[in-house]
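Enquirer: Take a look at the following structure, please.
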Amino acid sequence: MLSVSDSVIMNMSSVSRDSIDERELLDLWHQPLRLFRLANRLRQASCRDEVSFVINRNINFTNICVGSCKFCAFRSSYGYFLSESEILERVASAERIKATEICLQGGLAPEMVVEDYCEMLEAVHQNFPRMHLHAYSPMEVLYMSRNSGIDIEDALIQLKRSGLSSMPGTAAEILVDSVRRRICPEKLTTMEWCHVITTAHMMGIPSTSTMLYGHVESLEDRLKHFQILKRIQCQTHGFTEFVLLPFMAGNNSLGPLAKKPDILEHLKMHALSRVALYPLITNIQVSWTKLGRDMAGATLSWGVNDLGGTLMEENISRSAGSKEGQYLSPQEMEEIIVNHGRKAAQRNTLYELVRS
Ligand code: SF4
């Protein structure tokens with residue numbers, strides 16, 4: 001019998017008839033001005049002139065990991081593991097700047113079971129009950145469920161009971177197994193990623209969606225990735241946003257093999273995401289930590305309507321060579337937005353307006 005996630009992947013006809021087909025996307029890729037105009041028009045139709053951001057804090061609770069992803073510069077043999085009180089201190093500092101979200105993720109530390117992950121959520125939830133807990137990638141959920149000898153659904157039930165409100169849709173990289181075998185052979189497969197995400201959505205746990213681009217994948221691989229996200233969204237409506245994550249080439253073994261996109265390609269990718277995912281995924285987010293604030297601002301004219309989070313702590317891009325800081329204040333976010341002729345809006349994780 002097919003599981004829910006299998007049927008999402010198989011059900012080709014479930015993608016909205018209003019969405020643009022692959023041939024047209026390929027044509028647009030080679031006509032940047034047409035692509036730019038269309039992305040900007042669709043952004044206007046979906047989100048008007050508002051550009052949102054969220055006040056949040058990233059907490060990477062460990063960099064110890066049994067994984068072997070070739071693009072990773074975060075994993076370390078001299079690893080740290082934050083204690084409960086260190087995690088709570090970080091949440092308290094986030095609350096002081098009026099953060100609404102904590103994003104909790106880490107490496108795959110040996111033998112971590114579902115109870116370990118639940119304990120971290122419970123500690124934060126009990127001490128800061130109003131903080132939205134956005135935590136654990138599909139890889140972490142698969143890892144904890146395997147180590148605990150339980151299925152994905154049981155792991156998610158326990159996490160939700162412990163305070164999990166939503167999940168980062170990271171570990172997606174490129175959802176094409178031939179690419180995954182080259183860049184992260186031990187990571188979960190495309191089918192497994194879809195299974196974790198759709199199970200979470202069906203249980204009322206929304207997630208973001210992401211793509212790691214600019215390494216060894218082709219344009220066609222990126223289009224297949226979009227297609228999978230669209231099929232899932234048609235069925236579950238569980239994606240809150242799509243975030244493009246440009247590959248950072250520093251300090252990892254994939255760097256020398258990567259194609260390294262130029263500025264135009266980065267801008268085109270953001271525009272293509274808006275067009276490819278329209279009208280199913282409304283919010284297209286740029287990563288200011290990876291692209292830098294100037295280029296992040298420029299993407300606002302190429303289909304983007306969200307600047308992401310203030311973060312406070314950013315270890316993953318920095319370890320791969322990002323020169324950006326760890327924190328953008330709400331005022332700096334607003335400045336970038338207003339300087340590009342748009343209206344700033346502070347949102348929460350679920351894209352509800354906090355302040356405009
Ligand atoms: S990307 Fe994540 S899972 Fe992969 S090696 Fe790095 S820390 Fe481990």
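Enquirer: Yes or no: the range 262-285 includes at least one residue that is among the aliphatic types (A, V, I, L, M) and at pLDDT below 95.
Expert: Checked against the condition, which is being among the aliphatic types (A, V, I, L, M) and at pLDDT below 95, the range 262-285 yields no hits at all.
Enquirer: Moving to a separate point now. Taking LEU229 as the residue in question, decide whether it is buried (at least 23 other Cβ atoms within 10 Å of the Cβ), touching a residue at least 12 places away in the same chain (Cβ under 8 Å), in a strand (DSSP E or B) and not small (Gly, Ala, Ser).
Expert: no
Enquirer: Take the range 154-199 and flag every residue that is charged (D, E, K, R), within 17 Å of GLN227 (Cα to Cα) and away from the ligand (no atom under 14 Å from the Cβ).
Expert: Answer for the range 154-199, where residues must be charged (D, E, K, R), within 17 Å of GLN227 (Cα to Cα) and away from the ligand (no atom under 14 Å from the Cβ): just ASP177.
Enquirer: Those residues that are on the phi > 0 side of the Ramachandran plot and either in contact with a strand residue (DSSP E or B) (Cβ under 9 Å, 6 or more places away or on another chain) or at pLDDT 95 or above (or both), I need them from the range 312-340; list them, please.
Expert: Hit for the range 312-340 is MET312, nothing else.
Enquirer: Continuing with this model, one more query. Being within 16 Å of the ligand (Cβ to nearest atom) and either under 30 Å from VAL338 (Cα atoms) or modelled with pLDDT of 95 or more (or both), is that true of even one residue in the range 48-58?
Expert: yes
Enquirer: Taking the range 20-65, which residues are among the basic types (Lys, Arg) and in a helix (DSSP H, G or I)?
Expert: Result: ARG23, ARG34, ARG37, ARG41, ARG43.
Enquirer: Let me ask you something else. Check every one of the strands (runs of 3 or more DSSP E) wholly within the range 272-356 and list those with 1 or more residues that are over 17 Å from the mean Cα position of the chain (by Cα).
Expert: 343-347, 353-355
Enquirer: What about GLY297, is it modelled with pLDDT of 95 or more, out of contact with any Leu (no Cβ under 8 Å at 6 or more places or on another chain) and buried (at least 18 other Cβ atoms within 10 Å of the Cβ)?
Expert: Yes; evaluated as a whole, the condition is true for this residue.
Enquirer: Which residue, of GLU95, GLU101, is closer than 23 Å to VAL54 by Cα, touching a strand residue (DSSP E or B) at 6+ places or on another chain (Cβ under 7 Å) and either at pLDDT below 95 or not hydrophobic (A, V, I, L, M, F, W, C) (or both)?
Expert: Result of the check over GLU95, GLU101: GLU101.
Enquirer: Right, another one. Tally up the residues in the range 81-118 that are exposed (fewer than 14 other Cβ atoms within 10 Å of the Cβ) and closer than 30 Å to ASN252 by Cα, please.
Expert: Selection size over the range 81-118: 5.
Enquirer: Separate question: All but one of (1) under 30 Å from LYS98 (Cβ atoms); (2) in contact with a strand residue (DSSP E or B) (Cβ under 9 Å, 6 or more places away or on another chain) hold for MET112; which doesn't?
Expert: So the condition that MET112 fails would be (1).
Enquirer: So, one more: Being among the aliphatic types (A, V, I, L, M), touching a Phe, Trp or Tyr at 6+ places or on another chain (Cβ under 7 Å) and crowded, with 20+ Cβ neighbours inside 10 Å is the filter here; which residues of the range 255-282 pass it?
Expert: Passing the criteria: LEU267, MET269, ALA271, LEU272, ALA276, LEU277, ILE281.
Enquirer: While we're on this one: Give the residues of the range 67-81 that are over 18 Å from ARG180 (Cα atoms), part of a loop (DSSP other than H, G, I, E, B) and either more than 10 Å from the ligand (Cβ to nearest atom) or more than 19 Å from the chain's Cα centre (by Cα) (or both), sorted by residue number.
Expert: The answer is SER76, SER77, TYR78, GLY79, TYR80.
Enquirer: Quick check on the range 97-113: of everything there that is assigned to a strand (DSSP E or B) and under 17 Å from GLU140 (Cβ atoms), which residue is farthest from the ligand (Cβ to nearest atom)?
Expert: Checked the range 97-113; the qualifying residue farthest from the ligand (Cβ to nearest atom) is ILE102.
The values are calculated or read from the model by the stated rules, or taken from the named source; none is laboratory data. The structure presented is a predicted model; accordingly, all values stated were derived computationally and were not measured. Counting neighbours? That spans all protein chains shown, and the Cβs are built from the backbone with ideal geometry, glycine included.
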